[in-house]
1. Provide the FRET efficiency to the nearest 0.05 for the residue 103-residue 168 pair, computing r from the beta carbons and using R0 = 22 Å.
2. Ranked from the most accessible area to the least, with a 1.4 Å probe and all protein chains present, what is the order of 93, 125?
3. In nm, to one decimal, how far is the modelled label at residue 96 from the one at residue 112, with both set 7 Å along Cα→Cβ?
4. Can you tell me which aspartates and glutamates have their Cα less than 15 Å from the Cα of residue 106? Leave out same-chain residues fewer than eight positions away.
5. Here is the link list: 26/170; 26/145; 50/113. Which ones come out longer than 22 Å on Cα distance?
6. For residue 152, list long-range residues whose amide hydrogen, built 1.01 Å from N in the peptide plane, is under 5 Å from its own amide hydrogen.
7. In nm, give the distance between the simple-model label positions of residue 3 and residue 42, each being 7 Å from the Cα along the Cα-to-Cβ direction.
8. Under unit Cβ charges (Lys, Arg +1; Asp, Glu -1), what dipole magnitude, rounded to 20 debye, does region 38-190 have relative to its Cα centre?
Amino acid sequence: MSKRVYISADYSENSGDRDVVNLLNKWGNDNLHKVDFVDMAKVVSGSVSKDPDCRICDLKREFNQQINASSAVIIVIGDRTASREAGSACSRENNSQAECRCTPYKQNANGSKSCRVSRTVPSGESNVGNINNYSYLRHEFEQAKKSGKPIIVVYNSLRKETSWLPFYMKEYGLNAQPFWIINNFGQKVGNYDYIKKALGYV
């Protein structure tokens, strides 16, 4: 049965972890592997990111919706995950609307605009509020944790790289596993058996 899995990763073009994400999605979509899932982070139909005035808080609200609709969350940790700050520029949580400005998503060249959030409200017991100064990666993790989703943490490495974990994820140091292994032919391949088991496929 197909699962809805949210994959959180650094998608930076030249220094991110797209290689892991691409292989996970290949496993989820082809007919050669038993895992069958939809990457909820790639559900783009009607995505707010298409709005030219899309803000940080809009994206985080959408992340919450996608994570809540998922059965598990896979978090990919790379060597730069801990230092990524995209999404952390919102200051509305502790300041008035008049004091805040932000830059619409992928519109850096056009400069910042005035904050659109006139008032903030409690996020509820199962959601992390979308008005915060977390990075996008931290927001995804905190939402997965607060909503009670199973969290699978893998390193974009052949080794356990506990020093790569952001401070807010240190509790996962014992359980996080390398995504890559060397097979019997000396080839670097994804640890399919681990992902299959972690997602509950026997």
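The values are calculated or read from the model by the stated rules, or taken from the named source; none is laboratory data. Here the structure is a predicted model, which means the values were calculated and not measured. Cβ coordinates were reconstructed from backbone atoms using ideal geometry, including for glycine residues, and neighbour counts include every protein chain displayed. For accessibility, only protein heavy atoms count, side chains too; no ligands or nucleic acids. Shrake-Rupley method; radii C 1.70, N 1.55, O 1.52, S 1.80 Å.
1. It comes out at approximately 0.35.
2. Order by accessible area, largest first: 125, 93.
3. 1.7
4. Qualifying aspartates and glutamates at Cα under 15 Å: 13, 51, 53, 58, 85.
5. 26/170; 26/145
6. 73, 74, 75
7. Taking the two extended label points, one gets 1.7 nm.
8. So the magnitude is around 140 debye.
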